[in-house]
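Notes follow once the structure below has been shown.
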Amino acid sequence: MKLEDIGWNSFFEDQYAVWSGSGLIPGRVTGEAGHLYSVETEKGRSDARISGHFQYTAAGPGDYPAVGDWVLMRSESDPMIIEKILERGSVFSRRAAGKRSDEQVIAANIDIMFIVAALDGGRNFTQRGLERYIVMVSDGGAEPVIILNKCDLCSESERAEFKTMAASVSGNIPVFMVSALTGEGIEQMNGLLVQGVTAAFTGPSGAGKSALINQLMGRGVQKTGSLREDDKRGRHTTTRKELFLLGSGAMVIDTPGLRELRPYGDTESLDAAFTEIAHAADSCRFKDCTHTDEPGCGVLGLVSEGLIEYERYQSYITIRGEIESFSMMKSEKGRMARKAKEKTLSKIIKNYNRDFKQ
Ligand SMILES: Nc1nc2c(ncn2[C@@H]2O[C@H](COP(=O)(O)OP(=O)(O)OP(=O)(O)O)[C@@H](O)[C@H]2O)c(=O)[nH]1
Ligand SMILES: [Mg+2]
Ligand SMILES: [Zn+2]
């Protein structure tokens, strides 16, 4: 398989040029189980694991390979040994569960992120949930597309109602109404899934991410799971991230439904999800207005006139608070990690010279 067929381009080629004399070969991570990876190279699929160097220099979970990453490996051994991750063109991450400020990378080098919600009457479609997903996707640099799945379960009037609900939070982001069951609307997704494009799926458990992948693949490559009777929640059927190649030459990544949506990024990514608030902020009297109690605040003005929905404003303030409070944790941790890295740098250079330069 040619590397270009699985997403290789000049962005990665330029980075690889620096390593061309090293004997390391590039491959794309297609699957992950613990610290064992499945990687696609020019020679086909193989297993890979990270090297001792790699483990030594990784400061946190965000530094480890994720599905979609391009890695450089020593190919003589089986499994191959991953020595380096090429810089990511885009990333979809969240703050790791629990109290830690670590970045958890869910997928890397993705062009499109399908945010899947389900029109099954359960909690698999909420405006507040969509807002959080949009913030998370925008932060990592992929293009978000909202998928309202299971439209086969809806009457015409319900469809119209759900469309309006989605439109009030989607801004300029495309919204497709589809059914993984009947195939209705799937052609809109196929329109984006052309040769060389990588798309990933995210959304709550039970929304139908794996069912959509099966529909796009034309066969059952992924297991799907039933919903709980009472509240229509999914059962976390997909437990691993995995990349599939479509007949069109596009690639799709299935991911497990997330239990917690905690953006990893900075407050700038809020603007993409709350465009009308970002826009209104231009007219605030003070440049550093927090839109909470300042006089002459353009945002509060529109909220009081009912031109910005109060629930949306509240959601904006809540998410911003979360991002700000953990940014502080992150920078403190970053400072400590940098210090540790500086200490080990001389050792790494020594090891590199020993292993590659001989
Ligand atoms: N009626 C209907 N059911 C669907 C549709 N898409 C998925 N389902 C059903 O919804 C349930 C959950 O689908 P999955 O594809 O497993 O959901 P998922 O998003 O992958 O969930 P996790 O892997 O747990 O994160 C399954 O019973 C599917 O058959 C659809 O378009 N219409
Ligand atoms: Mg699934
Ligand atoms: Zn303001």
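The values are calculated or read from the model by the stated rules, or taken from the named source; none is laboratory data. The shown structure was predicted, so the numbers you read here are calculated from the model rather than taken from an experiment. Here Cβ is always computed from backbone atoms with ideal geometry, including for glycine, and neighbour counts include all displayed protein chains. Keep in mind that these areas ignore ligands, DNA and RNA; they rest on the heavy atoms of the full protein, side chains included. Shrake-Rupley method; radii C 1.70, N 1.55, O 1.52, S 1.80 Å.
Looking for something part of a helix (DSSP H, G or I), touching a residue at least 24 places away in the same chain (Cβ under 8 Å) and of a type in the set (Val, Ile, Thr) - is there at least one such residue anywhere in the stretch 280-303?
No, that holds for no residue.
In the stretch 207-220, what residues are open to solvent by less than 40 Å² (accessible area, probe 1.4 Å) and more than 18 Å from the chain's Cα centre (by Cα)?
211, 214, 216, 217
Being modelled with pLDDT under 95 and within 30 Å of residue 167 (Cβ to Cβ), is that true of even one residue in the stretch 65-81?
No; the residues of the stretch 65-81 include none that is modelled with pLDDT under 95 and within 30 Å of residue 167 (Cβ to Cβ).
Please go through the stretch 41-59 and give me each residue that is touching a residue at least 60 places away in the same chain (Cβ under 8 Å) and crowded, with 17+ Cβ neighbours inside 10 Å, ordered by number.
If the condition is that a residue be touching a residue at least 60 places away in the same chain (Cβ under 8 Å) and crowded, with 17+ Cβ neighbours inside 10 Å, then 53, 57 are the ones that fit.
Being surrounded by 16 or more Cβ atoms within 10 Å (Cβ to Cβ), touching a Ser or Thr at 6+ places or on another chain (Cβ under 8 Å) and over 29 Å from residue 335 (Cβ atoms) is the requirement here; does residue 106 meet it?
For residue 106, the condition - surrounded by 16 or more Cβ atoms within 10 Å (Cβ to Cβ), touching a Ser or Thr at 6+ places or on another chain (Cβ under 8 Å) and over 29 Å from residue 335 (Cβ atoms) - is not met.
In the list 248, 226, which residue meets the criterion of being in contact (Cβ under 8 Å) with a residue 24 or more places away in the chain, more than 9 Å from ligand 2 (Cβ to nearest atom) and over 22 Å from residue 96 (Cα atoms)?
248
Output the residues belonging to the stretch 142-160 that are under 18 Å from residue 186 (Cβ atoms), among the charged types (D, E, K, R) and free of Cβ contacts under 8 Å to residues at least 40 places away in the same chain.
152
Looking at 202, 182, can you tell me which residue is among the hydroxyl-bearing types (Ser, Thr, Tyr) and surrounded by fewer than 18 Cβ atoms within 10 Å (Cβ to Cβ)?
After ruling out the rest, the residue left standing is 182.
Can you pull out every residue in the stretch 246-258 that is within 14 Å of the chain's Cα centre (by Cα) and either open to solvent by 50 Å² or more (accessible area, probe 1.4 Å) or farther than 13 Å from residue 133 by Cβ (or both)?
Those that are within 14 Å of the chain's Cα centre (by Cα) and either open to solvent by 50 Å² or more (accessible area, probe 1.4 Å) or farther than 13 Å from residue 133 by Cβ (or both): 252, 253, 254, 256.
May I ask you to list the residues in the stretch 229-245 that are touching a residue at least 24 places away in the same chain (Cβ under 8 Å) and surrounded by fewer than 10 Cβ atoms within 10 Å (Cβ to Cβ)?
none
Can you name every residue in the stretch 16-32 that is in a helix (DSSP H, G or I) and surrounded by fewer than 16 Cβ atoms within 10 Å (Cβ to Cβ)?
17, 20, 21
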